[in-house]
Structures are given as C-alpha cells and as structure tokens.
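Report on the structure given below.
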Amino acid sequence: MKVTGFTFIRNAVKFDYPVTEAIRSILPLCDNFVVAVGDSEDSTEELIQSVDKQKVRTINTIWDDSPEMKRGGKVFASETDKAFKAVPDDSDWAFYIQGDEVVHEKYLETIRSAMEKWKDNKAVDGLLFKYLHFYGSYDHVGISQRWYRNEIRVIRNNKSIYSYRDAQGFRKDDNEKLNVKPIDAYVYHYGWVKKPEVMMDKIKNASTFYEDISWIQEVSKGQNAFDYSSIDALKLFNGTHPAVMENHIKRKNWNFEHDISFNKVPFKYRGKIFLKKYLGINTFYENYRVI
C-alpha cells in the first residue's frame, strides 16, 4: 500500500497556522507528501521545507483572486485540487489535511488498518473522520450546529475526485457524493485557537476570497481583536492533544474563559441530536454517502 499526503497553505507564519504540526501528525502514514505553497508574504515555503526534505515536496502556486473564484470560496478548492493532481499515480490513497488540522498519534494505527482493509475495494472512495473543533483555547471544544461533525480526509487516488465548494469536502465525476467508510478517528481542528488579534487578521484575510463579506463586517465591527465571547456553546476538553502540538500550545500567549453553564444550544439542534441518537433519523447535512 502506498499513501501520499497532500495539503495547501499560504502565509502560514503570518496567520499562525500549525501546518508543520499538521503534516508531521500524518507523515508516519505517508510515503511522500505534496504541499501546494501559495504566493506568500512570509517564510511559508522555508517553513514547509524544514519538515522532511526526503518525504515532503512543494509546488508553487498563485492564488486566483478573480470574482469567479470568490464565489463560495472556490479558490480554496482550486488550491486543494492542485495539490491532489500532484499526487503520484502509483499511490493507492491520498491523505488530505488542512493547515489547521492535526491527527492524534493514537489514531494512526486505526487509520492505517482502515486504509489496508478497504484498499482493494473500489466501491470505497474514502474514509470519514470525526472532528473536534477547538475554540478560544486548547481547553474548549465547540458543540453547537455551527461545527461540522464529520468530513472525508482520506480519498482514493482517483483523479475524477475533486475538492468541493470551499474545500470543505470532496465530490467525484458530475457532482456525485463520495462513498465512504466511517472510522473511529478524530481530526483536531485548531482554526479558532489563535491570539485574538491574529484571529481577526486571519478572518479579514479569508474574507477577501469570498464574494459575500457581510459576515466579516458583522464579526469585525471595526475591531482589531476577535471577540471569542460570542460563542453559543462549548464543552471542556479533558483529553490529551497530539504530541506534535506540544510546543505550539506552550507558545499560547492569551487567556480565554467560558462558563459552560451559560451555553445556548438551539432547540432545533437538540432536536436533531435526539432524532439521530434515539430514532436513527439523520437530519444533519452530509457531504458524503456512508456505505
């Protein structure tokens, strides 16, 4: 079995993306790794090249900021596709990870076993992961409907597969959902754990790649620092973080506190959870087909 990791990144240093941690977290499962490095304003390329010169190679890209590519953040999917197309043809699986996602080492054998198990079953297009979305600090996890609960991160090396919308997931052929097998492994998403000033800069930058920026105007309101207190519902995280995140977490230089007794989980969301858990009726949006 041969596995290639792939991702895209731009301005990782400027916006404090844990991209090297992301790559290192799945590198033990990968024979090689492709990183599409966008036209950055910092030392992103040097940062990526410092990871593992034997396994990791970069391809240089220019992000398309045309109006067409701003519709729904299509540029992010386009950059993902550039990296995927560079995955060698002899790889069986392609392991996708975004620059703010990390996999805990305790899940590596589970993932490896699943890839081995389904490698020769062509009906399986990919593997579906669970998610933990950290928010404000490394001690709080989002639990409301705003956070996606699952997503595809390992896909078959079939070039009819492409990144969907703003790189949220994948589709194949003519907008067909992928057939996936769920696995008992989590992706730790750290996209909302940054110094408030850096978080605001990241949001403002990301908004330049979308056509509709009314949401950023509402979020920023002329502020230079992101207000983490506006979150609806969180829970405390009592587990351990991936080992590769240890130094990144030690560099944390801000405080965030949230009283979970004031959580506000919408009734509609609680109803969806009840239907799925007790009646087996799923009303959540799913960008995949579980087989």
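Suppose we keep just the DSSP beta bridges with both residues in the stretch 3-192; what percent of those would be antiparallel, to 5?
Around 45 percent antiparallel, to the nearest 5.
Run the dipole for the stretch 153-251 about the Cα centre, Lys and Arg Cβ at +1, Asp and Glu Cβ at -1, nothing else charged, and hand back the magnitude in debye, nearest 20.
With only Lys, Arg, Asp and Glu charged at Cβ, the dipole is about 440 debye.
How long is the gain from residue 50 to residue 214 if the chain were fully straight, where each residue apart is worth 0.36 nm and the alpha carbon distance is subtracted?
55.2 nm
Can you give the extra length, in nm with one decimal, that the chain gains between residue 235 and residue 255 once fully stretched, where that is 0.36 nm per residue apart less the Cα-Cα distance?
5.5 nm
Give me the percent of Cα-Cα pairs in the stretch 3-192 that sit more than 22 Å apart, rounded to a whole number.
The proportion of pairs with Cα distances above 22 Å equals 44 percent.
Where does each of 148-158, 93-103 land if you order them by average Cβ count within 10 Å, highest first?
93-103, 148-158
Could you size up the charge dipole of the stretch 1-97 around its Cα centre, putting +1 on the beta carbon of Lys and Arg and -1 on that of Asp and Glu, and report it in debye to the nearest 20?
160 debye
Rank 76, 154, 58 by how far each Cα sits towards the positive end of the charge dipole of the stretch 3-192 (+1 on Lys, Arg Cβ; -1 on Asp, Glu Cβ) and give me just the farthest.
It is 154.
With an 8 Å Cα cut-off and a minimum separation of 6 or more residues, compute the relative contact order for the chain in percent.
It comes to 21 percent, rounded to a whole number.
Rounding to the nearest 20 debye, state how big the charge dipole of the stretch 3-192 is about its Cα centre with +1 on each Lys and Arg Cβ and -1 on each Asp and Glu Cβ.
Computed about the Cα centre, the dipole is about 580 debye.
Peptides 24-37, 242-255: what's the order by average Cβ count within 10 Å, highest mean first?
24-37, 242-255
Could you list 141, 193 in order of exposure, starting from the residue whose Cβ has the fewest other Cβ atoms within 10 Å?
141, 193
Would you mind checking 2/106; 117/250; 117/235 for any pair whose Cα atoms are more than 32 angstrom apart?
117/250; 117/235
With n ≥ 4 as the cut-off for DSSP H runs, can you work out [θ] at 222 nm for the chain, using -39500 (n - 2.57) per run divided by the number of residues, rounded to the nearest 500?
Counting only the DSSP helices, I get -7500 deg cm²/dmol.
Once a ≥ b ≥ c are taken as the square roots of the eigenvalues of the Cα gyration tensor of the stretch 100-186, is the result rounded (a/c under 1.5), prolate (a/b larger than b/c) or oblate (a/b not larger than b/c)?
Since a/c reaches 1.5 but b/c is at least a/b, the shape of the stretch 100-186 is classed as oblate.
Using a basic spin-label model with each label point 7 Å from the Cα along Cα→Cβ, how many nm lie between residue 175 and residue 148?
Once both label points are built, they end up 1.7 nm from each other.
Just so you know, all these numbers are worked out from the coordinates, no wet-lab data involved. For clarity, every value in this text was computed on a predicted model and none was experimentally measured. FYI the Cβ positions are ideal-geometry reconstructions off the backbone, even for glycines, and counts take in every protein chain you see.
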